[in-house]
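Some notes on the structure that comes next.
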Amino acid sequence: MQFDIVIIGGAIVGSSVAWGLREEGFTGSIALIERDPQFATASTTLSCASIRQQFSIPENIRLSVFTLGLFRRLKEEFGADADIGFRENGYLILASPDGAPILAQNHAVQAAEGADIVLEDPAALQSRFPWLSTEGIVAGAFGRTGEGWFDAHAYLQLFRRALKTRDVAFIKADVIGIAREGGKVTKVTLDDGSQISAGMVVNAAGPGGGKVAALAGIALPVEPRKRSVFVFEARERYADMPLIVDPSGVYVRPEGSVYITGGAEPHEDDRAADPADFEPEWPLFEETIWPALATRIPAFEAIKPTRAWAGHYDYNVLDQNAVIGRHPEVSNFIFANGFSGHGLQQAPAVGRAVAELVVHGGYRTIDCSVFGYERIAEGRPYRELNVI
């Protein structure tokens, strides 16, 4: 088999790259390789499926704003029945005295980018959300529009269905080898022993992105980090509740008639996950999350946990930021990796960026140069401070 472009990873990032290529007029052959087309353990489908503009650097805001624009015109892009259940309830990021300067600094960046985020003191927060305790809080940043959550499965399926009419080959396989000749990758080897000749390879392998890069002899500091999500019931239902991020790192948001929560993984124990480990960390809920919830929302002192799941972030160890673009020496190897929990909301923008790089030779819509591999090679972090 031979393809002009081989995309490794068929979840939201890889699918968005394929979609972006066709949208930009790329007419060559495209293969989208995915080892689990049911996406049972994909970061895409195990995420909390949210979108925000509350980042610390402009480029991350721009990537998410692009996706927000797509959300606004879903039916135009994907058909009259396109619906991902977008709930635009916003984010509320709270700060203690220690965190207030960073929150204010981030807010200034967001305001400069035109994001509809308000920075409020405890009195204003209490007025807006009377059920919220502002104990230990000195400020909160609330996204009035352009932030919320959605159905990740429906979102992914929109892209997958669209690609079926765009002449993209879907291949169910695991990539176990990538051949190189000098400054070019030439072939990928699949787990059944077959080989595909590739004019270009796009690494969109999510938490496995580091391992895929290693197959081509390239060092990429991206690894799986496990994140647990817990579901609970409560008597009180707050229809106006945004996704709240407590200074402890715990987050919570409504999901229909229940709530979902997570966060606050201890930094000292946060290391690469076993790729097969998807067991939720229940002690984290009992010892850290529940007490934080009860402090921040007193009504949540009495709740009933029901179930949980765990997924993997494609965690960029260097700076928790994406790696996007060509390898500086292996010019036909392209990165779309390391989103560290932001991939779902940024994928369409990244798909467009990669497509512009391939079709036009450079970025046109969003300049993603700051996410280039060069900083990885130099060990020069471009850090995102607002990682949830």
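The values are calculated or read from the model by the stated rules, or taken from the named source; none is laboratory data. Everything quoted here is computed from the prediction, not taken from an experiment. Every residue, glycine as well, gets a Cβ built from its backbone with ideal geometry; the counts of neighbours run over all protein chains shown. SASA here: full protein model, heavy atoms, side chains in, ligands and nucleic acids out. Shrake-Rupley method; radii C 1.70, N 1.55, O 1.52, S 1.80 Å.
A few notes on this one:
- Placing dummy labels 7 Å off each Cα toward the beta-carbon, the span from residue 73 to residue 184 is 3.7 nm.
- Distant-in-sequence amide H partners of residue 186 (H built 1.01 Å from N, under 5 Å): 179, 180, 181
- A straight Cα-to-Cα reach below 19 Å connects residue 164 with the lysines 75, 172, residues fewer than 8 places away in its own chain not being considered.
- Accessible carbon and sulfur surface of segment 270-364 relative to its total accessible area, %, 1.4 Å: 48
- Of 79, 249, 362, the one that fluctuates the most in a GNM where the chain has Cα springs shorter than 10 Å: 79
- Segment 1-117 - accessible surface per residue (Å², probe 1.4 Å): 38
- Computed with every protein chain present, the accessible area of residue 134 is close to 30 Å² [probe 1.4 Å].
- Net charge dipole, the chain: roughly 920 debye, given to the nearest 20, about the Cα centre with Cβ charges of +1 for Lys and Arg and -1 for Asp and Glu.
- Compared with the dominant principal axis of the Cα atoms in the chain, helix 100-112 is inclined by about 60°.
- Other-chain or far-sequence residues with amide H under 5 Å of residue 225's (modelled H): 273, 313, 315
- The slack in the chain from residue 286 to residue 268, taken as 0.36 nm per residue of separation less the alpha-carbon distance, amounts to 4.6 nm.
- The dipole here belongs to segment 252-351: it is taken about the Cα centre, uses +1 on the Cβ of Lys and Arg and -1 on the Cβ of Asp and Glu, and is about 520 debye.
- Loop-resident sites, segment 298-388, for GluC sites (Glu not before Pro), counting at most 14 other Cβ within 10 Å (DSSP): 329
- Bridgeable lysines around residue 184 (alpha carbons under 23 Å apart, same-chain partners fewer than 8 residues away excluded): 211.
- Derived scalar couplings ³J(HN,Hα) [segment 257-270; Karplus, 6.51 cos²θ - 1.76 cosθ + 1.60; whole Hz; x for Gly, Pro]: 8, 10, 10, 10, 8, x, x, 6, 4, x, 4, 5, 9, 7
- GNM top mover of 99, 199, 14 - the chain, alpha-carbon springs below 10 Å: 99
- Between the amide H of residue 10 and those of 35, distances stay under 5 Å, these residues lying 5 or more places away or on another chain, with hydrogens modeled in the peptide plane.
- Relative contact order for segment 161-312, counting Cα pairs under 8 Å that sit 6 or more residues apart, in percent: 21
- Within the listed set 215, 21, 344, the residue fluctuating most in the Gaussian network model of the chain (springs between alpha-carbon atoms under 10 angstrom) is 215.
- Stretching the chain fully between residue 170 and residue 157 yields a gain of 3.3 nm (0.36 nm per residue, less the alpha carbon separation).
- Using θ = phi - 60° and Karplus 6.51 cos²θ - 1.76 cosθ + 1.60, couplings along segment 232-246 (whole Hz; Gly, Pro as x): 9, 9, 8, 5, 7, 10, 10, 5, 8, 5, x, 6, 9, 10, 7
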